[in-house]
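Structure first, then comments.
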Amino acid sequence: MEKGPFSVEWLAQSSRGRPQPIAAARRPRSPPGGTGGQESPADLGDPGREAETGGTVPGRPRTKFSAAQLQELERSFREQRYIGTSEKRRLAAALNLSQSQIKTWFQNRRMKFKRQTQDAR
């Protein structure tokens, strides 16, 4: 049988994004997690598996804010819970942090504030 542009084999190969021999395409797949306890390199990099293995997601380490940085961030939060672009830029430059760190700190602080007010009720 010829592998034309509309054959089942051609469609199966094109949907995977890489060509495979027809025999490989017909080979049954092993069930997920059924590798006999051995993880493939692709499984090791899966971020959804960190809860199973107790590992952490590789990337930027957690920022440890100094007391002076926290004091300035808290002061700014007391003035206004939602930070504007210009204030975010000013704080980032003054505290030697990135704008995304400032934004994330404000998001986390609003959630902390929300939990505190809900617990007080």
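The values are calculated or read from the model by the stated rules, or taken from the named source; none is laboratory data. No experiment lies behind these values; they were computed from the predicted model shown. So basically every Cβ, Gly included, is an ideal-geometry build from the backbone, and we count neighbours across all protein chains shown.
Some values worked out for this structure:
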quantity	calculated
Residues of segment 74-121 classified as aromatic (Phe, Trp, Tyr) and over 23 Å from the mean Cα position of the chain (by Cα), total	3
Residue ranges of helices (runs of 4 or more DSSP H) in segment 33-115 with at least 3 members on the phi > 0 side of the Ramachandran plot, of a type in the set (Ser, Thr, Tyr) and modelled with pLDDT of 70 or more	none
Considering residues of segment 78-121 that are of a type in the set (Asp, Glu) and exposed (fewer than 11 other Cβ atoms within 10 Å of the Cβ) only, the residue farthest from Ser66 (Cα to Cα)	Asp119
